[in-house]
Number of protein chains: 2
Amino acid sequence: MLFYGFCVILKSNRFGKRGITVRLTISDIAKKTGYAKSTVSAALNNKPGVKPKTREEIQRIAAEMNYIPNEFARNLSMQTTNTIGIIVRDITNPFYAKICRAIENTASEHAYTTLILNTDGIREKELNAIRVMSGQMVSGVIIDISGKDTDLLMELNKFGLPFVVFGTTAGELAADSVEADDYNGAYQAAEYLYSCGHRKIGFVHGGMESVYSQRRLRGIRKALEHNGIELEEKYIFYKAKTIQEGYLMGKKLVNFEDLPTAIIAYNDLVAVGMIRALEENGRQVPDDISIIGFDDIELMTFPLTTVQIPEYEMGEKAAELLFDKIMGKASGRPREILLDTELVVRKSVKRLL
Amino acid sequence: MLFYGFCVILKSNRFGKRGITVRLTISDIAKKTGYAKSTVSAALNNKPGVKPKTREEIQRIAAEMNYIPNEFARNLSMQTTNTIGIIVRDITNPFYAKICRAIENTASEHAYTTLILNTDGIREKELNAIRVMSGQMVSGVIIDISGKDTDLLMELNKFGLPFVVFGTTAGELAADSVEADDYNGAYQAAEYLYSCGHRKIGFVHGGMESVYSQRRLRGIRKALEHNGIELEEKYIFYKAKTIQEGYLMGKKLVNFEDLPTAIIAYNDLVAVGMIRALEENGRQVPDDISIIGFDDIELMTFPLTTVQIPEYEMGEKAAELLFDKIMGKASGRPREILLDTELVVRKSVKRLL
DNA sequence: TTGAAAGCGCTAACAA
DNA sequence: TTGTTAGCGCTTTCAA
């Protein structure tokens, strides 16, 4: 019986230590081929100044011997890495998962690898993530800052890490950034609700320190004002970002006296949680109450009307911005990319008219 | 106006190159404190043999100067890394996202970092992932092998990478592995359907090269046999693993002549896709057809009855096994961990009795 | 076109 | 208790 998972001696160790894996190095290739390390290096990296025949021979033998360059030594020597860091709240949120996938795909086209760190939005973890990234010498980082987390950016700057941001770098601070047009998305959502006859409209925000929340709120408010009604304070509900929080929100809603006829949720997760809680308490969506979400997560069974955020494109664009920066192709001014959102109408909103 | 994202000179370069970030090194700390590099290293790493006062002083100054060790140099020197690799099909699948989160959490307790690579189940990408992992000198990898991908394990072995596997290492090959009890889960699901009066039961598998599919099929078959009925060949439907594939499956199902009264889907994603397609074509779940899923993804609005797989625990256990191996604590024999599944009854199955 | 040697930032053996 | 030195595997001058 053959057991896997034991260490294999690929090359015998200088000290002959048993069971310790020693990988093939460029010196082994040099020895084998009879060329110098520098020649091997040049050949393997397709650098000019190597005789074609030599290059071919070296590459062939290296391939035969299954040589894989040690990226660490390489990076240390070149003083760069081929990895970019991603700092997100939670990869478990399909929204971020999609973004990370997009970044990874773009990165791998550049032969880069990604390092993903989750922070759960906890400051301490965010700070730590930046330190780890720095220690890992990532070439740059893509970070999701939902609030005015300018100190996170200061930190990134302190370590000299190029970065691109999801979210806005408000006011007099500016950085390359990618975001979706939340304002417009929210505006459209509210406008749509109005057109369906809804007048009492609520918003479950995701914490007002978040620019996304702020802009969505502004969008809703503006749309309603435009139609001559006002967003009532009591219909701005306390924050929720996750399914669980949405669920709790839904529970509370049930006991509410003067319920709005429609609610815009901070995101689809919150919408899911709310719907679950409402249905458990005998309220039907959209018959008893209408709901609109944000993100357009793929995984829904429920026909949720929602504002679609182009996650994949966001990830792609962010990666492109970052690579421009890493490659020194970025122009002086920070670039801010704003991507369109779109209201996807399904069946979670009741027509009252 | 202050622009972020430009490089900052943390320390002036030997060549005085402008705009190039040069990070602080251990030599800088040595110079500043007046101690030798080795002393600084020992102090910073809390190694014994350093005078407490010295240690304290060095640590203080290093912290003040915001020194962060270069992990690459560290790893190169120590011939290990503090990262473990994860090779999964697709992080966008919440099932894998959960697993990755669990692994990351466990890893970070050991001050390890994770490198996640997605393969979409494509052989070429899997092979490449292993090469990348090897080049990145990961301490070990956790890999999801759904089929009898023994050559992937051979590859891993070839590079001397310790690994732990999700899935089974069938037959005479064996490795540390973690898996859920698919067989039993499927058995329970089918048993439950039978108890609800279903006799015509179908299974949408995820590709019969997958051991999961095989075992689930066996579980279903056994449960039915136990009740004196047979799983009909025509009710074993072609493979589907994603929402899209489930959706297509659902579309086909609509035109089916002799539909089963209940279907067990390969996973929740497939169930979601099927339900969506069915409902679009006027069939209600569970009124017209009952459906059971696998995984118990959190994100469902639909009250899907499903076989819960303990993803988080799976990730945790896998990480623990791997760390044991990395730390040399593993005993000789491969360990296979089998985790219980549980049927979560919700409302996607109709009682016919 | 190739080779020798230095150096990336760190750890670790050994000497002081 | 601290310092000196070599070396991890690679790239990159610079010399041959």
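The values are calculated or read from the model by the stated rules, or taken from the named source; none is laboratory data. Keep in mind it's a predicted model, so treat the numbers as computed, not measured. Neighbour counts are summed over all protein chains in view; Cβ atoms, including those assigned to glycine, are modelled from backbone coordinates with ideal geometry. Areas reflect the complete protein model, heavy atoms only, side chains present, ligands, DNA and RNA absent. Shrake-Rupley method; radii C 1.70, N 1.55, O 1.52, S 1.80 Å.
Some observations on this one:
- Of all the residues in region B:307-353, those that are within 12 Å of chain A (Cβ to nearest Cβ) and in contact with a helix residue (DSSP H, G or I) (Cβ under 7 Å, 6 or more places away or on another chain) number 5.
- Some residue of region A:213-229 being assigned to a loop (DSSP other than H, G, I, E, B) and surrounded by 20 or more Cβ atoms within 10 Å (Cβ to Cβ): no
- Among residues of region B:39-51 that are within 14 Å of another protein chain (Cβ to nearest Cβ), those with a Cβ under 9 angstrom from a residue that is open to solvent by less than 60 Å² (accessible area, probe 1.4 Å) and more than 8 Å from DNA strand C (Cβ to nearest atom), sequence gap 6+ or separate chain, pair up as B:Leu44/B:Arg55; B:Leu44/B:Ile58; B:Leu44/B:Ala62.
- All positions within region A:45-70 that are outside any helix (DSSP H, G or I) and more than 10 Å from DNA strand C (Cβ to nearest atom): A:Asn45, A:Asn46, A:Met65, A:Asn66, A:Tyr67, A:Ile68, A:Pro69, A:Asn70
- Test: residue in region B:68-80 that is touching a helix residue (DSSP H, G or I) at 6+ places or on another chain (Cβ under 7 Å), surrounded by 18 or more Cβ atoms within 10 Å (Cβ to Cβ) and either of a type in the set (Gly, Ala, Ser) or more than 11 Å from chain A (Cβ to nearest Cβ) (or both): no
- Residue, nearest to DNA strand D (Cβ to nearest atom), within region A:84-114, restricted to residues that are surrounded by fewer than 21 Cβ atoms within 10 Å (Cβ to Cβ) and closer than 28 Å to A:Arg23 by Cα: A:Ala111
- Meets criteria (farther than 15 Å from B:Met314 by Cβ and at the interface with chain A (Cβ under 10 Å from one of its Cβ atoms)) for B:Thr119: no
- When region B:1-44 is limited to residues that are of a type in the set (Ser, Thr, Tyr) and outside any helix (DSSP H, G or I), the one that is modelled with the lowest pLDDT turns out to be B:Tyr4.
- In region B:235-259, the qualifying residues are those that are touching a residue at least 24 places away in the same chain (Cβ under 8 Å) and more than 33 Å from the chain's Cα centre (by Cα), and the one that is surrounded by the most Cβ atoms within 10 Å (Cβ to Cβ) is B:Leu259.
- Restricting attention to region B:157-180, the residues that are closer than 20 Å to B:Ile264 by Cβ and either part of a strand (DSSP E or B) or modelled with pLDDT of 95 or more (or both) add up to 2.
- Selection from region A:275-306 of residues that are more than 10 Å from chain B (Cβ to nearest Cβ) and in a helix (DSSP H, G or I): A:Ala277, A:Leu278
- Among the residues of region A:28-43, the ones that are under 14 Å from A:Glu64 (Cα atoms), near DNA strand D (Cβ under 8 Å from one of its atoms) and among the aliphatic types (A, V, I, L, M) come to 1 in all.
- Residues satisfying the stated conditions in region B:205-234, i.e. touching a Leu at 6+ places or on another chain (Cβ under 9 Å) and over 13 Å from B:Leu343 (Cβ atoms): B:His205, B:Met208, B:Leu217, B:Arg221, B:Leu224, B:Glu225, B:Glu230, B:Leu231
- Contact map, region A:193-204: first residue on the phi > 0 side of the Ramachandran plot, second residue in a loop (DSSP other than H, G, I, E, B) and open to solvent by 10 Å² or more (accessible area, probe 1.4 Å), Cβ cut-off under 7 Å, separation 6 or more or different chains; pairs are A:Gly197/A:Arg351; A:Gly197/A:Leu352; A:Gly197/A:Leu353.
- Check on B:Ile58, within 13 Å of DNA strand D (Cβ to nearest atom) and surrounded by 22 or more Cβ atoms within 10 Å (Cβ to Cβ): yes
Results for (1) of a type in the set (Phe, Trp, Tyr); (2) open to solvent by 10 Å² or more (accessible area, probe 1.4 Å), shown as yes or no for each residue.
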site	(1), (2)
A:Asp268	no, no
A:Gly273	no, no
A:Asn281	no, yes
A:Asp288	no, yes
A:Ile297	no, no
A:Tyr312	yes, yes
A:Glu320	no, yes
A:Asp324	no, yes
A:Arg346	no, yes
